[in-house]
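The values are calculated or read from the model by the stated rules, or taken from the named source; none is laboratory data. It should be emphasised that the depicted structure is a prediction, and the values quoted were computed from it without experimental measurement. Glycine also receives a Cβ, built like all others from the backbone with ideal geometry; neighbour counts cover every protein chain displayed. For the accessible areas, the whole protein counts, side chains as well, though only heavy atoms, and no ligand, DNA or RNA atoms are used. Shrake-Rupley method; radii C 1.70, N 1.55, O 1.52, S 1.80 Å.
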Amino acid sequence: QVHLVESGGGLVQSGGSLRLSCTFSGSIFSIYDMSWYRQAPGKQRELVAAISTGGDIDYVDSVKGRFTISRDNAKSTVYLQMNSLEPEDTAVYYCKAKNGGLGYWGQGTQVTVSS
């Protein structure tokens, strides 16, 4: 069974940086498309960044130029480097693994950006 564990969240001042990690276990990491989502209080969960098995990358417009998604298949880990953080980036960040019709979520990690 696939298990995802996010880490790296925390409290940071506006303009600061954080790097989130999501460690994957229970299957073959390299065959899963990976993505990061976030959910702010009172808002719907939204896709932030995605990276396919082939390395294709996509970002929501609000984070383009500030966030970078990457994956290390040898370490079964996906990363989200977040720079120039803004208070609007405050949310719980979740990683998701998807292969065909199967999708798995981590438990989330809180990111809080103070102004």
Inset, instruction - Before anything else, pin down the relative contact order of segment 1-81: Cα pairs under 8 Å, at least 6 apart, normalised by residue count, whole percent. - result: 28
Inset, instruction - Please report, as a whole percent, how much of the solvent-accessible surface of segment 37-104 comes from carbon and sulfur atoms (probe radius 1.4 Å). - result: 46
Legend entry - Top positive-direction residue, dipole computed over the chain with Cβ charges, set 10, 115, 68: 10
Legend entry - For segment 86-115 and segment 61-79, distance of Cα centres in Å: 12
Inset, instruction - Determine the sum of side-chain charges near residue 106: Lys and Arg each +1, Asp and Glu each -1, restricted to other residues whose C-beta is under 13 angstrom from that of residue 106. - result: +3
Legend entry - Karplus-derived 3J(HN,Hα), 6.51/-1.76/1.60, for each residue of segment 13-22, Hz, glycine and proline x: 7, 3, x, x, 10, 9, 10, 8, 10, 9
Inset, instruction - Starting from the Cα of residue 30, move 7 Å in the Cα-to-Cβ direction to define the label point; list residues of segment 76-115 whose amide nitrogen is under 19 Å from there. - result: 76-79, 97-100
